Amino acid sequence: MALPELFRHRDLFVGCLAISRTPRRRSGERLRVGRVDHVLSASDAAACDTLGETLLHGAGNRHGVFFNLVAQGYDYPSLARCPALQEDGLCAIHASGKPLQCAVVPLDPLLPDSLQHLALAGRSIGAAYIGAECIQAGERSGMATLVGDGEIHDAAAREVIAHRRWMLAQEHELWGRAVFASLRRELFDAQDVLGRIPADGFLSISIAPALLAVAGVSERCRQLSLTYIDSQLALIEKKIAQALLRRRLDERPHSRELRGFSEAYLRARAALVSASPPQTMPMAAAQRFEAYLAA
Ligand code: SF4
């Protein structure tokens, strides 16, 4: 999720930052996903690099990976469902600002268009798609082709993936670079960083550093961050109280993680109430981000 989406749905999703890594791609590298085999061309590798340098972090580091730093909704894994999923199987926020990442599925905004068939191949063998058979290779009568010949054929899908990449670029500029720099010594430059960030998963941390960066944009952004923090503190209390009623031992580490988020929110709140952070942007950029956050 992007920050404007978390701000809008602040009483539904607990926000966090998710840190993952992706290897830097090389021309001639062979990628195999299920039954799909693809040897990367020079232009595939260059397109991966372009996306990595625009939307990810740490280009050129000694680990040979890009780091991805995104805002995300957090919940108890034992619930195994999105907080917006209704009992009837529909999305409660479909008409009121469904996250763009949900609209992008089954495509992947962090892969170039020429490699979207690999995203589809990966999803088609994923646990969530078993039995659905809604992703099929080749043409089917009565069905539109989503991707083919290295392009996204569907105009609506092209538009939504472009919009999601644009949002990721806004997040990168608004808070991503500042948070990456603040965690650089402690995490990203550390010898054991690859051990701390799983190859096929992510590391969750508090979203507070992103809010502190946002609050430095303008007074309006500081107020938006404070409003968000207050809603999140109440939501986390509610989620922990519900978990206590479920009495599940496997939920305890996640309750501890949520308490850690609350503590980080309280520290960020105290810092933002006691002093306005130094303004970090020229007026025109600040107004652009205020509009982005309120959109
Ligand atoms: S589309 Fe699904 S995953 Fe996305 S917010 Fe709605 S219920 Fe949650």
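The values are calculated or read from the model by the stated rules, or taken from the named source; none is laboratory data. A quick note: this is a predicted structure, and the numbers were derived from the prediction, not measured. All Cβ positions, glycine included, derive from the backbone under ideal geometry; neighbour counts span all protein chains shown.
Within 22 Å of SER255 (Cα to Cα) and buried (at least 17 other Cβ atoms within 10 Å of the Cβ) - does that describe any residue in region 215-225?
We begin by selecting, within region 215-225, every residue within 22 Å of SER255 (Cα to Cα); these are none.
Within region 215-225 (the criterion being within 22 Å of SER255 (Cα to Cα) and buried (at least 17 other Cβ atoms within 10 Å of the Cβ)), the answer is no, since none of the residues qualifies.
Quickly run through region 188-202 and pick out the residues that are more than 18 Å from the chain's Cα centre (by Cα) and assigned to a loop (DSSP other than H, G, I, E, B).
Hits for region 188-202 are ASP189, ALA190, GLN191, ASP192.
Any residue at all in region 203-210 that's assigned to a loop (DSSP other than H, G, I, E, B) and under 16 Å from LEU6 (Cβ atoms)?
Scanning region 203-210, I find at least one residue that is assigned to a loop (DSSP other than H, G, I, E, B) and under 16 Å from LEU6 (Cβ atoms), so the answer is yes.
Do we find a residue being more than 20 Å from the chain's Cα centre (by Cα) and within 16 Å of the ligand (Cβ to nearest atom) anywhere in region 111-125?
no
Does any residue of region 132-143 turn out to be farther than 30 Å from ASP230 by Cα and in contact with a Leu (Cβ under 7 Å, 6 or more places away or on another chain)?
Taking region 132-143 and keeping what is farther than 30 Å from ASP230 by Cα, we get 132-143.
Next cut, in contact with a Leu (Cβ under 7 Å, 6 or more places away or on another chain) only: 135.
Yes - at least one qualifying residue is present in region 132-143.
With within 30 Å of LEU244 (Cα to Cα), in contact with a Leu (Cβ under 7 Å, 6 or more places away or on another chain) and either at pLDDT 95 or above or exposed (fewer than 15 other Cβ atoms within 10 Å of the Cβ) (or both) as the only criterion, which of ALA80, ALA71, ALA128 stands out? Break it down into steps so the answer makes sense when it comes.
On the way: ALA80 fails: in contact with a Leu (Cβ under 7 Å, 6 or more places away or on another chain); ALA128 fails: in contact with a Leu (Cβ under 7 Å, 6 or more places away or on another chain).
After ruling out the rest, the residue left standing is ALA71.
Among (1) within 28 Å of GLY176 (Cα to Cα); (2) among the small types (Gly, Ala, Ser); (3) in contact with a helix residue (DSSP H, G or I) (Cβ under 9 Å, 6 or more places away or on another chain), where does GLY64 come up short?
Single failed check for GLY64: (3).
Can you confirm whether region 86-106 contains a residue that is of a type outside the set (Lys, Arg), more than 12 Å from the ligand (Cβ to nearest atom) and without any contact (Cβ under 8 Å) to a residue 24 or more places away in the chain?
Checked against the condition, which is being of a type outside the set (Lys, Arg), more than 12 Å from the ligand (Cβ to nearest atom) and without any contact (Cβ under 8 Å) to a residue 24 or more places away in the chain, region 86-106 yields no hits at all.
Go through region 46-84 residue by residue and tally those that are in a loop (DSSP other than H, G, I, E, B), within 12 Å of the ligand (Cβ to nearest atom) and either under 24 Å from TRP175 (Cβ atoms) or aromatic (Phe, Trp, Tyr) (or both).
4
Could you tell me whether GLU171 is more than 22 Å from LEU6 (Cβ to Cβ) and in contact (Cβ under 8 Å) with a residue 60 or more places away in the chain? Explain how you work it out, then say what you get.
On the way: more than 22 Å from LEU6 (Cβ to Cβ): no; in contact (Cβ under 8 Å) with a residue 60 or more places away in the chain: yes.
When the stated conditions are applied, GLU171 does not pass them.
Out of curiosity, is ASP44 acidic (Asp, Glu) and surrounded by 19 or more Cβ atoms within 10 Å (Cβ to Cβ)?
So ASP44 fits the description; yes.
State all residues of region 171-187 that are among the acidic types (Asp, Glu) and either under 14 Å from the mean Cα position of the chain (by Cα) or under 14 Å from ILE197 (Cβ atoms) (or both); if no residue qualifies, say none.
If the condition is that a residue be among the acidic types (Asp, Glu) and either under 14 Å from the mean Cα position of the chain (by Cα) or under 14 Å from ILE197 (Cβ atoms) (or both), then GLU171, GLU186 are the ones that fit.
Looking at region 219-254, which of its residues are without any contact (Cβ under 8 Å) to a residue 60 or more places away in the chain and in contact with a helix residue (DSSP H, G or I) (Cβ under 7 Å, 6 or more places away or on another chain)?
Selection gives ARG222, SER225, LEU226, ILE229, LEU233, ILE240.
Mind checking which residues of region 76-85 are without any contact (Cβ under 8 Å) to a residue 12 or more places away in the chain and among the aliphatic types (A, V, I, L, M)?
LEU79, ALA80, LEU85
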